[in-house]
Amino acid sequence: MVIVPGSYTWSRPSEGDMVELHDLVSGRTTVLRRPPPDLLVMDDIIRIEALAFREGTGPQAELFGALDADPLRVLAGMNWLIAFWSVLWDLREGEPAGDLVRTLDYDGPWRKGASPEQEQVWRSMSQRVRTGVFAALTGNPESHRVYTAEVRRLAPDVFLHVTLTIMDALSRDLTRQGLELTGMAAGLEANTDPGRSGNGPSFSPPR
């Protein structure tokens, strides 16, 4: 068992590809796995997590630069991290992660003063981002296929802007409510073995 300063302990069962995360505040536990390596590597997620908590314009510029090389990998990493945070919220408060994901909505500068037609565009984009987060949350290949098709059909940079804005708002909201988010992806990497074949979703409902 590894005790984390703050509110969590990590405990490794016999299977090296999974870890139990225990929330000392709620007394609840969830089982976590790394994402399938053919979809994501932990280095990507840890980098995105670090950027999420850096101030200024640098993080956004770095993410847009990475988008040029592999947009789907960057967006999949952001979706996975948002799904992870929703599970941490469920672990703490007992609110199902899926319920939190359903509330995600883009409220950034591009939406301000939108016409009715433009408003429909932003509602649709928010729904597409939610589809990507649900794909990460459930590990459902069909949801991931639908999301991937939409990214390829539309502009990846728009997806990045909308997802980044949603991610920033969510991290601030959860942090204000006392949830520790910084370093949790690094904790998952440190407490699991690499090379998972991708059998099963990364997240399990807390109990």
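What to note about this one:
- Rounded to whole Å, sorted largest first: equivalent-ellipsoid semi-axes of segment 93-153, Cα gyration tensor: 23, 17, 7
- Proxy reagent accessibility, fewest Cβ within 10 Å first, across Trp89, Trp122: Trp122, Trp89
- The spacing between segment 151-171 and segment 69-129, judged by their C-alpha centroids, is 8 Å.
- Taking the number of Cβ atoms within 10 Å of each Cβ as an exposure proxy, the fewest-first ranking of Arg130, Arg152, Arg28 is Arg152, Arg28, Arg130.
- Near Val101, once Lys and Arg are set to +1 and Asp and Glu to -1 for all other residues with Cβ below 15 Å from its Cβ, the sum equals -3.
- Take each peptide in 139-150, 29-40, count the other Cβ atoms within 10 Å of every residue, and average; sorted highest first, the result is 29-40, 139-150.
- Count Lys and Arg as plus one, Asp and Glu as minus one, and take only other residues whose Cβ is under 13 Å from that of Ala186; the net charge is then -3.
- Overall form of segment 110-207 per C-alpha gyration tensor (a/c, 1.5; a/b vs b/c): oblate
- Distance between the modelled labels on Gln177 and Asp157, one decimal in nanometres: 3.4 nm (7 Å Cα→Cβ projection).
- Nearest-20 debye value, segment 119-189 charge dipole, Cβ charges on Lys, Arg, Asp, Glu: 240 debye
- As a rough guide to protection, the peptides 201-207, 162-168 ranked by mean Cβ packing within 10 Å, highest first, stand as 162-168, 201-207.
- Segment 39-190 - charge dipole about Cα centre, Lys and Arg +1 at Cβ, Asp and Glu -1, debye rounded to 20: 320 debye
- Distance cut-off 27 Å, percentage of C-alpha pairs in segment 39-190 lying past it: 17 percent
Just so you know, all these numbers are worked out from the coordinates, no wet-lab data involved. These numbers were taken from a predicted model, which means no experiment stands behind them. Methodologically, a virtual Cβ is constructed for each residue, glycine included, from the backbone with ideal geometry; neighbour enumeration extends over all protein chains shown.
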